[in-house]
Amino acid sequence: MTRILLSAVLALAAGAASADQITLDRPMSGAALHEGGTDMTVYWTEVAGGYEVIATYKGAADAAASRIAMVLKEGERVSFGLPGSRGLTYSFARENGAVTVSGARIGVDLAEG
């Protein structure tokens with residue numbers, strides 16, 4: 001129940017957002033990112049090693065939401081794709097005390113033969 005309530009609060013919390021990028025500048029602030037049929041909510045907390053970033057995501061074809069977590073130190077950035085989100089890359093970065101998350105469409109090349 002607590003997680004459901006937290007997710008609802010995060011969806012309503014303040015965060016700068018555009019169509020494909022969110023920036024979170026304080027702990028426990030949250031925002032949602034909607035890109036290519038995948039919905040994602042993101043927030044972060046301070047931990048001993050840096051900022052722990054938690055993202056919950058669900059693609060249109062997914063039966064249930066999935067969660068990823070990572071610790072980012074100042075200046076770190078990571079990019080990756082998500083299962084079921086073909087042609088999308090997500091980037092998480094920590095700079096100047098804020099966490100920025102973006103989603104971008106990428107080309108998909110299929111091998112023939």
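Things to note:
- For the stretch 56-79, filtering for residues that are of a type in the set (Gly, Ala, Ser) and at pLDDT 95 or above leaves 2.
- For the stretch 40-69, a tally of residues being free of Cβ contacts under 8 Å to residues at least 24 places away in the same chain and either basic (Lys, Arg) or surrounded by 15 or more Cβ atoms within 10 Å (Cβ to Cβ) (or both) returns 6.
- Test: residue in the stretch 14-24 that is surrounded by fewer than 13 Cβ atoms within 10 Å (Cβ to Cβ), out of contact with any helix residue (DSSP H, G or I) (no Cβ under 6 Å at 6 or more places or on another chain), farther than 25 Å from Gly87 by Cα and at pLDDT below 90: yes
- Residue within the stretch 102-109 that is surrounded by 15 or more Cβ atoms within 10 Å (Cβ to Cβ) and closer than 20 Å to Asp20 by Cβ present: yes
The values are calculated or read from the model by the stated rules, or taken from the named source; none is laboratory data. Model, not experiment: these values are computed from the prediction. FYI the Cβ positions are ideal-geometry reconstructions off the backbone, even for glycines, and counts take in every protein chain you see.
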